[in-house]
Amino acid sequence: MEKIKVAIVDDSAFMRKIMSDSLQSRGFEVVAIGRNGQDAIEIASKGIADVMTLDVQMPVLDGLNALRTIMGSFPMPVIMVSSITVKDAEITIEALKSGAFDFVTKPGGAITFDLNEIIDELSEKLILASKAKISPKISQPKISKTLHPHGLYDILFIGSSTGGPRALDYLIPNLPRDFPVPIVIVQHMPANFTKTLADRLSEESKIRVYEVNSQIKAMPSTGYVAKGDTHLEVTVNDGINLKPSDGPKINGVKPAIDFTLSTIAKANLKILCVILTGMGKDGTEGLKRMKRENFTTIVESEKTAVVYGMPRAVVNAGLADYVLDLDKIPDKIIELI
């Protein structure tokens, strides 16, 4: 099997060395190393790497601006390497929307960290990224429809993982201001990053979007993002209530789509469920626990999904009612609602 060729760009000599040695010991071929965003652009222009790791904070040219140039001129799979600071979280979310494949965090800070906490995750994402198709950003159509709710659904539920922030950045702004039901979003992402994601979606959309960090009553025309590293529970008591819930990871992730769907099933709510891009099969078991008459499912197509794992699992289980390209999903949601 041919080795995956990796380029590493980071302003820390320590990071460059430890990432290079660790990845090569795991069978990757490190073909280029850079210190700043200008180096990243030059490496990308040569077309020698299958995938690049790109630090968020660098001198000369930062990771975000380097990424934008790369995606515009020399598109390739890029994994951002971010600290867990609020500033880095904001930049990382913007990078994901600008075309980065995914990101990994440095739990111990910008210079030193426990390698064992990220190398498995980084290796898995490098493998997936090397196989990913890089597509241009979908332009936003103008949708101006007034909804007349049919009363068929209590919630619009959206589950997403790898590639999800970019897909959400397209989908949520296309929902009208008078959307008649609450929108519950579970995106696989660490703490800090989900608040930034919710804030950015809220800024760009006609509806308000919040991170669920305490119990809250779900309202129409409002989006609710599960808090990172916390499951999201849905209950019914004088309306629909959302609250963070602790517990072990499910399918290796937290928040997990299966957890939230299982609580929706217990509450006997009717949902329009959208499963977007993502690795693995999170969401399938949760849907299996629901009464079939209580949900309609739209899954993103293989054509537009960055990773077709979660959508494929729903399709293979016979639980998909519609398989659509991302740019067709907002209209179908509006039609069904």
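The values are calculated or read from the model by the stated rules, or taken from the named source; none is laboratory data. None of these values were measured; they are calculated from a predicted model. Every residue, glycine among them, receives a Cβ derived from its backbone with ideal geometry; neighbour counts consider all protein chains shown. Areas reflect the complete protein model, heavy atoms only, side chains present, ligands, DNA and RNA absent. Shrake-Rupley method; radii C 1.70, N 1.55, O 1.52, S 1.80 Å.
Rounded, prolate or oblate: which fits the stretch 250-337, taking a ≥ b ≥ c as square roots of the Cα gyration tensor eigenvalues, rounded meaning a/c under 1.5, else prolate when a/b beats b/c?
Oblate is the answer for the stretch 250-337, as a/c is 1.5 or above yet b/c matches or exceeds a/b.
Within the stretch 39-55, name every residue whose backbone N is under 16 Å away from a label modeled 7 Å from Cα of Ser73 along the Cβ vector.
39-48
When the accessible area of the chain is computed with all protein chains present and a 1.4 Å probe, what percentage of it is carbon and sulfur? Show your work: numbers first, answer last.
Values: 6920 of 14050 Å².
That fraction is 49 percent.
Modelled label-to-label distance, Ile18 and Asp327, 7 Å Cα→beta-carbon offset: nm?
In this crude spin-label approximation the distance works out to 4.4 nm.
Which sequence of Val81, Val31 reflects their accessible areas, 1.4 Å probe, from the largest down?
Val31, Val81
When the dipole is taken about the Cα centre of the stretch 193-283, and only Lys, Arg (+1) and Asp, Glu (-1) are charged at their Cβ, what size is it in debye, to the nearest 20?
Working: 12 positive and 10 negative charges, 26 e Å.
Using Cβ point charges on Lys, Arg, Asp and Glu, the stretch 193-283 gives about 120 debye.
With Cβ to Cβ distances under 9 Å as the rule, what net charge do the other residues near Thr235 carry (K, R +1; D, E -1)?
+1
Please work out the Kirkwood hydrodynamic radius for the stretch 138-272, using every pair of different C-alpha atoms, and report it in angstroms with one decimal place.
14.9
If one takes the longest principal axis of the Cα atoms in the chain, at what angle in degrees, from 0 to 90 and to the nearest 10, does the Cα axis of helix 115-131 lie?
80
Measure off 7 Å from each Cα along the Cα-to-Cβ vector at Lys243 and Arg177, then give the distance between these two points in nanometres to one decimal.
About 3.4 nm separates the two model spin labels.
What fraction of the DSSP beta bridges in the chain is antiparallel, stated in percent and rounded to the nearest 5?
15
R0 = 56 Å: FRET efficiency of Ile48 with Val236, Cβ-based, nearest 0.05?
Values: r = 56 Å, r/R0 = 0.99.
Using R0 = 56 Å, I get an efficiency of 0.50.
How large is ³J(HN,Hα), in whole Hz, for each residue of the stretch 297-311 in order, when computed from phi with the Karplus curve 6.51 cos²θ - 1.76 cosθ + 1.60 and θ = phi - 60°, using x for Gly and Pro?
Listing the rounded values in order: 10, 10, 10, 6, 6, 5, 4, 9, 5, 4, 10, 9, x, 5, x Hz.
If you take the charge dipole of the chain about its Cα centre, with +1 on Lys and Arg Cβ and -1 on Asp and Glu Cβ, which of Ile250, Gly151, Gly37 is farthest toward its positive end?
Gly151
Compute the signed sum of charges (Lys and Arg +1, Asp and Glu -1) over the other residues within less than 15 Å, Cβ to Cβ, of Gln215.
Local net charge: -1.
Any idea what the dipole of the chain comes to, in debye rounded to 20, about its Cα centre with Lys/Arg Cβ at +1 and Asp/Glu Cβ at -1? All intermediate terms of the calculation are to be shown ahead of the outcome.
Values: 39 positive and 41 negative charges, 134 e Å.
That gives a dipole near 640 debye.
In Å, what Kirkwood hydrodynamic radius results for the chain from the alpha-carbon pair distances?
20.3
Give the accessible surface of the chain per residue, rounded to a whole number of Å², with probe radius 1.4 Å and ligands, DNA and RNA excluded. Please list the in-between numbers first.
On the way: 14050 Å² over 337 residues.
That works out to 42 Å² per residue.
Along its three principal axes, how long is the stretch 35-98 when you only count alpha carbons? Whole Å, largest extent first please.
33, 22, 16
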